[in-house]
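**Q** Just dropping this structure here.
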Amino acid sequence: MRRLSPANITWLKVVIYLAAILPFFWLVLSVDQGWFSADPAKDIQHFTGRMTLKFLLVTLLVTPVARYGKQPLLIRTRRLLGLWCFAWGSLHLLSYSFLELGISNIRLLGSELISRPYLTLGIICWILLLALACTSTLWAQRKMGASWQKLHNFIYLIAILAPIHYLWSVKVLSPQPIIYATLAVILLAFRYKKFRQWLR
């Protein structure tokens, strides 16, 4: 297989931007046209949550594809994917805060995050994504040194907690959350050597 060139990576980033932005326009159009169910707030929450999981899984997919497909330049897309994962995760949090609880109910949001375990997992994932997004620059990587990699290894914890958050949040178990959880396990399994080293 021919190796990807820098120009190919540039076009791939354009595709990533489109894959991230077009669903947002569809979301806005769906709200405007009334395409959601009788509970549009829940539909929006689930849609934004699934988009977050999709970008999380694709971010995790980059490293094994780059390694086994011998495409080292593919790693350059990982930061962009991670930032879009955080962006959709933030929309997911905002949709719950504003549509479910109301803009002014900050105290209620804090109470809900503490009292409902699946929400606790969700906010832990978002806080970790925030930390990864804020330190995603080359400047932060140079400044933090070895600590940078330790911090960014928390993406594996997010990959465990986020599917559990999804599974826990649905009242009626459907194939979708199970599929996301299974894909996360498979992608984490590619890192078994790294995890084995940590255990040692």
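The values are calculated or read from the model by the stated rules, or taken from the named source; none is laboratory data. The structure displayed is predicted, hence computed values, not measured ones. Note: ideal-geometry Cβ built from the backbone for every residue, glycine included; neighbour counts use all protein chains shown. The area values use the complete protein model at the heavy-atom level, side chains included, leaving out ligands, DNA and RNA. Shrake-Rupley method; radii C 1.70, N 1.55, O 1.52, S 1.80 Å.
**Q** Just want to confirm a number: the relative contact order over the chain, from Cα pairs under 8 angstrom separated by 6+ residues, in percent.
**A** 21 percent
**Q** Let me ask something else. Once you treat every alpha carbon in the range 1-110 as an equal point and sum by Debye, what is log10 I(q)/I(0) at q = 0.13 Å⁻¹?
**A** -0.59
**Q** Which of the lysines could a cross-linker span from Lys194 if the Cα-Cα distance has to be under 17 Å and same-chain partners fewer than 8 positions apart are dropped?
**A** Lys150
**Q** How much of the accessible area of the chain, probe 1.4 Å, is carbon plus sulfur, in whole percent?
**A** 69 percent
**Q** Right, here's the next one. Mean separation of Cα pairs under 8 Å and 6+ residues apart, divided by the residue count of the range 1-120: what relative contact order is that in percent?
**A** 29 percent
**Q** Any idea what angle helix 175-189 forms with the longest principal axis of the chain, computed on alpha-carbon atoms, 0 to 90 degrees, nearest 10?
**A** 30 degrees
**Q** Modelling each spin label as a point 7 Å along the Cα-to-Cβ direction, I'd like the Leu167/Ala146 distance in nm, to one decimal.
**A** Using points 7 Å along Cα→Cβ, the separation is 3.5 nm.
**Q** By its C-alpha gyration tensor, with a ≥ b ≥ c as the square roots of the eigenvalues, how is the range 62-122 shaped: rounded for a/c under 1.5, else prolate for a/b larger than b/c, else oblate?
**A** The shape class here is prolate.
**Q** On to the next question. For the chain, with only Lys/Arg (+1) and Asp/Glu (-1) charged at the beta-carbon, what is the dipole magnitude about the Cα centre, in debye rounded to 20?
**A** 1400 debye
**Q** Something else: Provide the gained length on full extension for the span Phe24 to Leu157, in nm with one decimal, where the gain is 0.36 nm per separating residue minus the Cα-Cα distance.
**A** 45.2 nm
**Q** Follow-up question, since we're still on this one. How would the range 88-153 be classified by its alpha-carbon gyration tensor: rounded, prolate or oblate, with rounded meaning a/c under 1.5 and the a/b versus b/c comparison settling the rest?
**A** Prolate is the answer for the range 88-153, as a/c is 1.5 or above and a/b outweighs b/c.
**Q** Let me ask you something else. Using only alpha carbons, build the gyration tensor for the range 103-196 and give me the equivalent ellipsoid semi-axes, biggest first, whole Å.
**A** 27, 22, 9
**Q** OK, next. Radius of gyration and Dmax for the range 124-174's Cα atoms, expressed in Å?
**A** 14.1, 46
**Q** With θ set to phi - 60° and the Karplus curve 6.51 cos²θ - 1.76 cosθ + 1.60, what are the ³J(HN,Hα) couplings of the range 77-85 in order, to the nearest whole Hz, using x for Gly and Pro?
**A** Those phi angles translate into 8, 5, 4, 4, 4, x, 5, 5, 4 Hz.
**Q** How much mean residue ellipticity at 222 nm does the chain get from its helices, if each DSSP H run of length 4 or more adds -39500 (n - 2.57) and you divide by all residues, to the nearest 500 deg cm²/dmol?
**A** One gets -25500 deg cm²/dmol as the mean residue ellipticity at 222 nm.
**Q** Given labels modelled 7 Å from the Cα in the Cβ direction, how far is it in nm from Ile178 to Lys13?
**A** For the pair Ile178/Lys13, the computed spacing is 4.0 nm.
**Q** Run the reach check for Lys42 against lysines, Cα to Cα strictly under 19 Å, same-chain hits fewer than 8 apart removed. What comes back?
**A** The reachable lysines, counting only those whose Cα sits under 19 Å from Lys42, are Lys54, Lys171.
**Q** Taking the convex hull of the alpha carbon atoms in the chain, what volume per residue do you get, in Å³?
**A** Dividing the Cα hull volume of the chain by its residue count gives 157 Å³.
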